[in-house]
Amino acid sequence: MKNIFKLCATAALVITTAHSAFAADSTDLKVQGTLIMGSCTPTLSSGGVVDYGKISLGNLKTDAVNQLGTKEITLTLTCESPTKVAWSTMDDQSDSIVDTQPEIEGNPTTEVIDEFGLGKTAGGVNIGSYSIITANNGDPIVDGLAGTVGISEDDAATWTKGGNGGAYSHNDGSRLMTYVDATGVPVAFTTASDILRVGASVQDTTTLAITDDTPLNGQATISVKYL
């Protein structure tokens, strides 16, 4: 049995509503939105699957967290015309998150909001967690040139440059990411590719108490937001 988890790429176009009262006995409903010239589509390499293969319980620790190592998957954003667009990640298995501080290239994840669940055992025990981090600055390719990741945690109101070591995805979709210029302003692009690094870890086998083959069952949804 293969132990895999999936990153499901999706895109959504949303119209928003707002209302305001002009009189005590009336109210207005407004439907807002913008028809943009080019839509954007996120895709992931390897069918969106990061595969850790078969993991022997005999090789795992009985009394400490087990780090499974770092793997890579490529995220590509393709737009019909130059467009300012960001993306975020939402954990579809958030009820199975457990703080196992998965390591990416030897560096542990220190915030639970950056950890995604790997599903549960047949006995209902949370198996472990994984984290996702973008490529180092300069490694993303934006319209053929080296790009810099930009981060927003206030729904695109303000942006900051990601660190040189990349930026973690938040498991609740609250962190937006895009690509920015030297001043930290999002840029319009047609194609952008980013190597996402993924680290996973599972609880000790005593806690897991597994008696049968058990799949890693992590899944997250990547969605785009037009800026």
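Just so you know, all these numbers are worked out from the coordinates, no wet-lab data involved. Bear in mind that the values here come from a model prediction, so they are computed numbers and not experimental data. Counting neighbours? That spans all protein chains shown, and the Cβs are built from the backbone with ideal geometry, glycine included.
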Exercise. Phe189's amide H: which non-local residues (gap 5+, or another chain) put their own amide H closer than 5 Å, with H modeled 1.01 Å from N in plane and none for Pro or chain starts?
Worked result: Thr83, Lys84, Val85
For this session: Figure the gain on full extension for Val112 and Asn59 (residue separation times 0.36 nm, minus the Cα-Cα span) and round it to one decimal in nm.
Result: 16.5 nm
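Need the full-extension length gain, Thr206 to Thr160, defined as separation in residues times 0.36 nm minus the C-alpha distance. One decimal, nm. Show your work: numbers first, answer last.
Working: separation 46, 0.36 × 46 = 16.56 nm, distance 4.25 nm.
Answer, rounded to one decimal: 12.3 nm.
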Exercise. Taking the Cα-to-Cβ direction at Ser45 and at Thr76 and moving 7 Å from each Cα, how far apart do the two end points lie in nm?
Worked result: 1.0 nm
Seminar exercise, completed: So for R0 = 35 Å, FRET eff. of Asp99-Leu227 from the Cβ-Cβ r, to 0.05, ends up at 0.60
For this session: Would you compute, for the Cα atoms of the stretch 33-148, the largest minus smallest coordinate along each principal axis and list the three values in descending order, in whole Å?
Result: 55, 31, 26
